[in-house]
Amino acid sequence: MGNRFGRLFQITTFGESHGPAIGVVIDGCPPRLPISVEAIQLQLDRRKPGQSRITTQRKESDIVEILSGVDAGLTTGTALALLVRNADARGEDYSEMHQEYRPSHADYTYQKKYGIRSIEGGGRASARETIGRVAAGAVADALLREAGIEVLTWVQSVEHLRATVEARHVTLAEIESNPVRCPDAAMATSMFDHIDSVRKAGDSVGGVVAGVARGVPVGLGAPVFDKLEACLGSAMLSIPAAKGFEVGSGFEGTRMRGSAHNDAFYPSADGAIRTRTNYSGGIQGGISNGENIDIRVAFKPTATILQAQETVTAGGEPTTLAARGRHDPCVLPRAVPIVEAMMRLVLADHLLLQRAQVGATWT
Ligand SMILES: Cc1cc2nc3c(=O)[nH]c(=O)nc-3n(C[C@H](O)[C@H](O)[C@H](O)COP(=O)(O)O)c2cc1C
């Protein structure tokens, strides 16, 4: 249960951190979309471990294999199966965790829920599960590109360090210009040094990933339970270590009055109806209004740290646990392509839903 996401563009991810392989099956992808193994690999390379000294040092090349659903570089309309084999699993790093629950990780809840769990590497709770999402996001990107939709995500803040970034103008080149994936170059250097010093202290930090979708047509999303922001929020909060979601002005909007917060409409020169400001984050009444969709996702500090922490054994005895193993001192730089993939998957699904129910946007 709970391994499937989306309704028309539907993905099912599978695989455990220290099992033989991880992957995804995509059902409902339209035919004749251009897809290459390189385009999927590019996104997986942005997610993979060992990218710099501020990410986990697990050595995985995360090479993707396309098993089905693509012929001569085009999707065929049948199920796509994408597979990545695990290479550098070291179960012995987790030997003490057979007995001791990692504070703020999934060990205790998985054990209590199922009465059994894949202990090595956290099984399905490991961020390796997100390989399937990122691979599927690259396929969703082919559909979105055709519709003129571009999605970008970046690191907005790390603990107290906050970048000054204009979501409207951010470019992929700026984001990828440094290992933190923060488009504010000066701030990226401070963030890198900060994460590195926290790593050396055997500790961890969290922060915020921001995202923008440009070129989204009016009409994606539906009233009530399928509001676009509700679907985006659900997608984002399904990412491991994600703890908060905002759209548009988010929590900051609570400090404004309606007179300042309302997005005034005006007729633009090209005949479209636009808004002067975008505190709505591109979504009104749960439906996209044609402005940029602006979101932010909060990530907690990584649970597994090298310092000794109070916990209990599986038998309920108090003890302390100082983790071994290779862990991310800050999940943010690697979370960027995951947030991007989830945003693409939601938009691709809603694009197909809109085409199925309405066909076009009414004027
Ligand atoms: C890119 C990424 C990398 C992560 N790396 C680690 C890690 O090295 N160690 C760890 O304990 N948690 C890591 N996490 C978070 C855990 O997977 C997550 O905290 C755990 O599954 C418990 O779920 P929860 O935090 O959502 O409650 C990572 C998350 C992401 C998105």
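The values are calculated or read from the model by the stated rules, or taken from the named source; none is laboratory data. Remember, predicted model here, so these are calculated numbers, not experimental data. Cβ atoms come from the backbone with ideal geometry, glycine included; neighbour counts cover every protein chain shown.
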query: How do the strands (runs of 3 or more DSSP E) wholly within segment 282-360 filter down when requiring 2 or more residues that are buried (at least 21 other Cβ atoms within 10 Å of the Cβ) and more than 12 Å from the ligand (Cβ to nearest atom): which remain?
result: 293-299
- prompt: Among the listed residues Gln51, Gln41, which satisfies the condition of being free of Cβ contacts under 8 Å to residues at least 40 places away in the same chain and either in contact with a helix residue (DSSP H, G or I) (Cβ under 6 Å, 6 or more places away or on another chain) or not in a strand (DSSP E or B) (or both)?
  reply: Gln41
query: Can you find even one residue in segment 179-196 that is surrounded by 14 or more Cβ atoms within 10 Å (Cβ to Cβ), among the basic types (Lys, Arg), part of a strand (DSSP E or B) and in contact with a Leu (Cβ under 9 Å, 6 or more places away or on another chain)?
result: no
message: So Arg85 ticks every box in (1) at pLDDT 95 or above; (2) of a type in the set (Lys, Arg); (3) crowded, with 20+ Cβ neighbours inside 10 Å but one. Which box is left unticked?
response: (3)
- prompt: Failed condition for Glu176, given (1) surrounded by 15 or more Cβ atoms within 10 Å (Cβ to Cβ); (2) out of contact with any strand residue (DSSP E or B) (no Cβ under 9 Å at 6 or more places or on another chain), with all others met?
  reply: (1)
- line: Filter segment 102-124 for residues that are farther than 16 Å from Thr311 by Cβ and assigned to a helix (DSSP H, G or I); the one that is farthest from the ligand (Cβ to nearest atom) is Tyr114
message: Tell me whether segment 140-157 contains one or more residues that are among the polar types (S, T, N, Q) and away from the ligand (no atom under 13 Å from the Cβ).
response: yes
message: Kindly evaluate Val37 against the criterion of being within 14 Å of Gly132 (Cβ to Cβ), surrounded by 14 or more Cβ atoms within 10 Å (Cβ to Cβ) and among the aliphatic types (A, V, I, L, M).
response: no
- request: Give the number of residues within segment 161-173 that are outside any loop (DSSP other than H, G, I, E, B) and without any contact (Cβ under 8 Å) to a residue 12 or more places away in the chain.
  value: 1
message: Any residue in segment 268-290 that is closer than 23 Å to Pro223 by Cβ sitting within a Cβ distance under 8 Å of a residue that is part of a loop (DSSP other than H, G, I, E, B) and among the β-branched types (Val, Ile, Thr)? List the pairs, counting only those 6 or more apart or interchain.
response: Gly282/Val216; Ile287/Val218; Ser288/Val216; Ser288/Val218; Asn289/Val218; Gly290/Val216; Gly290/Val218
